[in-house]
Each structure stands twice: as C-alpha cells, then as structure tokens.
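The values are calculated or read from the model by the stated rules, or taken from the named source; none is laboratory data. No experiment lies behind these values; they were computed from the predicted model shown. Quick reminder, even Gly has a Cβ in these numbers, built from the backbone with ideal geometry, and neighbours come from all protein chains shown.
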Amino acid sequence: MPYYSRSSAATLRRALGSFPAVLVTGPRQTGKTTLLQQELAASHRYLSLERPDVRARVRADPVAFLAENPPPLILDEIQQVPELLSFVKERIDASRRPGSYVLSGSQSFALMQGVTQSLAGRIAVLTLLPLSVGEAIVAPTLSIDEQLRRVFEPGAASAVTSSGSPAPRAAAFAPPDALDWIVRGGYPEPRLNPAVDRALWFASYVQSYLERDVRDLLKVGDLHDFSRFLALIAAASGRLLNFSDLARELGVSAPTAKRWLSVLEASHVVTQLRPWHENFGKRLTKAPKLIFHDPGLAAWLLGLHQREALQAGPSFGALFETAVAGEWLKAFHHAGEPPALHHWRSSGGLEVDLVLERDGRLYAIETKATATPTPRHAEGLAKWLALAGPRARGVVACRVESPVTLAPGIRAVPWHLAW
C-alpha cells in the first residue's frame, strides 16, 4: 500500500526543531509507525520495542542500550517499556539537542504518567488520529485559520494563504460521500485498501485492541459487559451524554461508567465535547456531547454494515454529526493544537451542534445529513447568531458538493474540509 503523507508531518518537523524529544501517540492502527519511518528515514534510526529481544536488552541494561543506540533515534511502541523514559531524560539533560529522540506508542496511563514525570518540559506530545478526508484524497494541508476562512468566509477558497503564497493545488482524488465515509471510516487499512474486508477488520480491531488493551486497563472481567458498554457508547456518539442513563443500562454506578469512558477517552477512541458556557441570556444544558473519532468504528459497533441500512436507520443523523466533528478534531490534533470544540444547547431546546472559539471569534456549525438544504435548515442557526452577536459566524455542514447560500450570512457547505 503506498504511503499517504499525513497532515501532521509538518507539525512533527516543527516539534523536532524545538524539543529534544517528541512523542507521537494515538489509537492503534492509525499509522504512527509508518509516519515516522517514512518521514524520518533519512535522519533517524528506528528501533521497535515490540520485539522481545530488544525489550530484553533494554530491561537488562538501559544505560548500555541507549549508549549503543545514540540519537537521533526513533523508539517505537515505547509503552512496552515505560521505565526507559527516565533514562532517556538523563541523556537529554546531558545534551538538549532538538530532535534527538522520537517516541511513539498507543495512549496508556502508564505511558503518559512516565512522560509527565520524566520528560516534562523536554517533550512535545502529538496525537495521530485516523485519516481525515483531506489526507485520504491527498488534499493540501491548510492551517486551522486557513480552514476557518475557507469554511466561513465566501470567496476565501480561492484567496491566498496566510503566508501570502498562492492557494494550494487541488486534491488528487474526489472526496468520498458521507455514507461511504461513515460505513468504512478513516483508519488507513480499511480506507486505503479496497480489498480489506471492512467487517472483518473492525471485528479484529475491537478484539485485539479494545477488548485487550482498554478492557485490561478497566479490569472488566465480563466480556459481555464490556461489549454492551462499547455498543451503548457507539449509540451515544453525536448525542448528549447522560451518565445516569448509561450506568443504569450497564448495571453499574455512574462513577464506574465515567471511569470506563475516561479510559476510552485517554485511548483516543472518543472525545467529550464540553458545552459552551457563555449564557446569551438563556439557561444552558451542561451535559457533554460524545464523539467517536472514527465514524466507521461507531457504525460497526452499532451493527451497521450497508449504506442503505445506515441511511434508513435512526442513527444516521448522529453518525453524520460524528463524521463532521471528527474532521475538525483531526484538524486540530494533527496541527498540534488542543481542539477548541464545544456544543451549545439552551434549556428551551435551541442548539448548535458544534461551536469553535478562536481569537475572540465564535464559529458555529449546524450539521444536517441532507443533500438538498433549504432555508429551513438554517433557522436555528440564525437564532443563535442573533444571540451571539457580530463576533459569530455560522454554516450548515451537509452533503452538498459546493457552498450554497441559505440565508443572509449563512451558507450550506460540504460536510468535510477537503474542498
């Protein structure tokens, strides 16, 4: 399978120029190893700590191991030997040369605890999520500010970039439609290789990763309970999260349900979007909204395998919102920024699916799974914009191929960011 350059490659190189160490983390099977091997082949040696013989050498004599393998060095799957981090710290303190060590590993509490304790102030932490639509079709990488201009300002798509250079070249492939993206998702293997059986791949992923790594961290003994938990969480994606209802369905306490969910969040499987707190004169709903980072995984957990079943089913709207939110989450994470993404809902029922805050401005996104938007689809957003005032902008993200004006100051735009 050919290598598809990731938008985080530029972020990785910036981090290597500023920090002695860089950690690339994220869920399994998102392409961390491929990214490092391809982008740093000419500058860094590569060692995988997945190999038992390498782990044995590290544990037998970590000081000698690092002396025999001087930087610049990639240490893959560092979560296998988190105790090595304290010895890496000693090497860094002896010579704080930028880009000396590149570490990678799936998110785990032991790994992040070791990073926090041993390498604080010495390491940049980057997160690699599944492919975005733009990465899958080889679209140009734009900064967050450039994306916001393109989406929210008419005519910005053809303007120059913030650096003054001409607008980048067009994508190499046509974007997939929303139904295909939701069913197949953005994990590189099922997305880029049509020969991969999607149902078998996700079944294996859940069994070998979620049911091994995550379940072991949670100490959940009953596999049936954990499977029910995953299905309930998938059904909640794109919706407000009610911990009491979730705990009741599972037959556990609300603190237990929160702990289980926190492990999925730390493993970069899901994100909780916090509510936007500015009042605008109305009481607000304070429940978080749950988003799966990959809609394909959520759809598989819900037993949705065909486009027709997805489109006709009750979860289509929520999974469509999951796909839209996922593109913005990937844009922020792959740029090395914490996602400034929220949702907003008043106690009276007025809501906006996604709210982004940046440089004192508010950017609101209402998601609609329709391919034929009308002014009616913009009515709720127009009310919110009137409350938010002149610093707010808003769009309706739906299944159109190019932007369409729906109301004064409100456009319908393609659901993905690759246009």
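Just one of the numbered conditions (1) at pLDDT below 95; (2) in a helix (DSSP H, G or I); (3) of a type outside the set (Ser, Thr, Tyr) is not true of residue 1; which one?
Every listed condition holds for residue 1 apart from (2).
How many residues are outside any helix (DSSP H, G or I), of a type in the set (Val, Ile, Thr) and over 14 Å from residue 111 (Cα atoms) if we restrict to the stretch 79-101? First the steps, then the outcome.
Initial filter on the stretch 79-101 (outside any helix (DSSP H, G or I)): 81, 95-101.
Keeping just the survivors that are of a type in the set (Val, Ile, Thr) gives 81.
Filter once more, keeping what is over 14 Å from residue 111 (Cα atoms): none.
Of the residues in the stretch 79-101, 0 are outside any helix (DSSP H, G or I), of a type in the set (Val, Ile, Thr) and over 14 Å from residue 111 (Cα atoms).
Residue by residue through the stretch 329-362, note down the ones that are among the hydroxyl-bearing types (Ser, Thr, Tyr) and either part of a loop (DSSP other than H, G, I, E, B) or buried (at least 21 other Cβ atoms within 10 Å of the Cβ) (or both). Quick ask: steps written out before the conclusion?
Filtering the stretch 329-362 for residues among the hydroxyl-bearing types (Ser, Thr, Tyr) gives 346-347.
Result: 347, single match.
Counting only residues that are of a type in the set (A, V, I, L, M), over 17 Å from the mean Cα position of the chain (by Cα) and closer than 21 Å to residue 144 by Cβ, how many does the stretch 11-39 have?
First pass over the stretch 11-39, keeping only residues of a type in the set (A, V, I, L, M): 12, 15-16, 21-24, 35-36.
From the residues that got through so far, the ones that are over 17 Å from the mean Cα position of the chain (by Cα) too are 15-16, 21-22, 36.
Narrowing further to those that are closer than 21 Å to residue 144 by Cβ: 15-16, 22.
Counting residues in the stretch 11-39 that are of a type in the set (A, V, I, L, M), over 17 Å from the mean Cα position of the chain (by Cα) and closer than 21 Å to residue 144 by Cβ gives 3.
If the requirement is being crowded, with 16+ Cβ neighbours inside 10 Å, in the same structural domain as residue 321 (by TED's automatic domain parsing), within 18 Å of residue 295 (Cα to Cα) and in contact (Cβ under 8 Å) with a residue 12 or more places away in the chain, which of these qualifies: 369, 388, 378?
Values: 388 fails: within 18 Å of residue 295 (Cα to Cα); 378 fails: within 18 Å of residue 295 (Cα to Cα).
Just a single option satisfies the conditions, and that option is 369.
Suppose we filter the stretch 53-98 for residues that are of a type in the set (Ser, Thr, Tyr) and exposed (fewer than 12 other Cβ atoms within 10 Å of the Cβ); how many remain?
Residues of the stretch 53-98 of a type in the set (Ser, Thr, Tyr): 86, 95.
From what's left, exposed (fewer than 12 other Cβ atoms within 10 Å of the Cβ): 95.
Qualifying residue count, the stretch 53-98: 1.
Taking the stretch 133-145 only, how many residues are farther than 15 Å from residue 336 by Cα, in contact with a Ser or Thr (Cβ under 8 Å, 6 or more places away or on another chain) and buried (at least 20 other Cβ atoms within 10 Å of the Cβ)? Talk me through it step by step, then tell me what you get.
Step one: of the stretch 133-145, the residues farther than 15 Å from residue 336 by Cα are 133-140.
With the extra rule that they be in contact with a Ser or Thr (Cβ under 8 Å, 6 or more places away or on another chain), the set shrinks to 134-135, 138.
When the remaining residues are screened for being buried (at least 20 other Cβ atoms within 10 Å of the Cβ), the result is 134-135.
Here the count works out to 2.
Return the residue satisfying two criteria in turn: it lies in the stretch 211-231 and is touching a helix residue (DSSP H, G or I) at 6+ places or on another chain (Cβ under 7 Å) and closer than 15 Å to residue 302 by Cα, and of such residues it is modelled with the highest pLDDT.
In this case the residue turns out to be 231.
Only one residue in 213, 245 is more than 25 Å from residue 368 (Cα to Cα), exposed (fewer than 14 other Cβ atoms within 10 Å of the Cβ) and among the charged types (D, E, K, R). Which one?
Working: 213 fails: exposed (fewer than 14 other Cβ atoms within 10 Å of the Cβ).
Checking each option against the conditions leaves just 245.
What do you reckon, is residue 266 under 19 Å from residue 129 (Cα atoms), of a type in the set (Gly, Ala, Ser) and at pLDDT below 95?
In short, yes.
Find the residue count for the stretch 15-34, including only residues that are surrounded by fewer than 21 Cβ atoms within 10 Å (Cβ to Cβ) and either free of Cβ contacts under 8 Å to residues at least 24 places away in the same chain or closer than 27 Å to residue 193 by Cβ (or both). Talk me through it step by step, then tell me what you get.
Of the stretch 15-34, the ones surrounded by fewer than 21 Cβ atoms within 10 Å (Cβ to Cβ) are 17-18, 28-29, 33-34.
Subsequent filtering for residues that are either free of Cβ contacts under 8 Å to residues at least 24 places away in the same chain or closer than 27 Å to residue 193 by Cβ (or both) retains 28-29, 33-34.
Selection size over the stretch 15-34: 4.
Just a yes or no: is a residue in the stretch 305-315 at pLDDT 95 or above and touching a strand residue (DSSP E or B) at 6+ places or on another chain (Cβ under 9 Å)?
yes
Considering only residues that are surrounded by fewer than 20 Cβ atoms within 10 Å (Cβ to Cβ) and among the charged types (D, E, K, R), which ones fall in the stretch 391-405?
Within the stretch 391-405, 391, 399, 401 meet the criteria.
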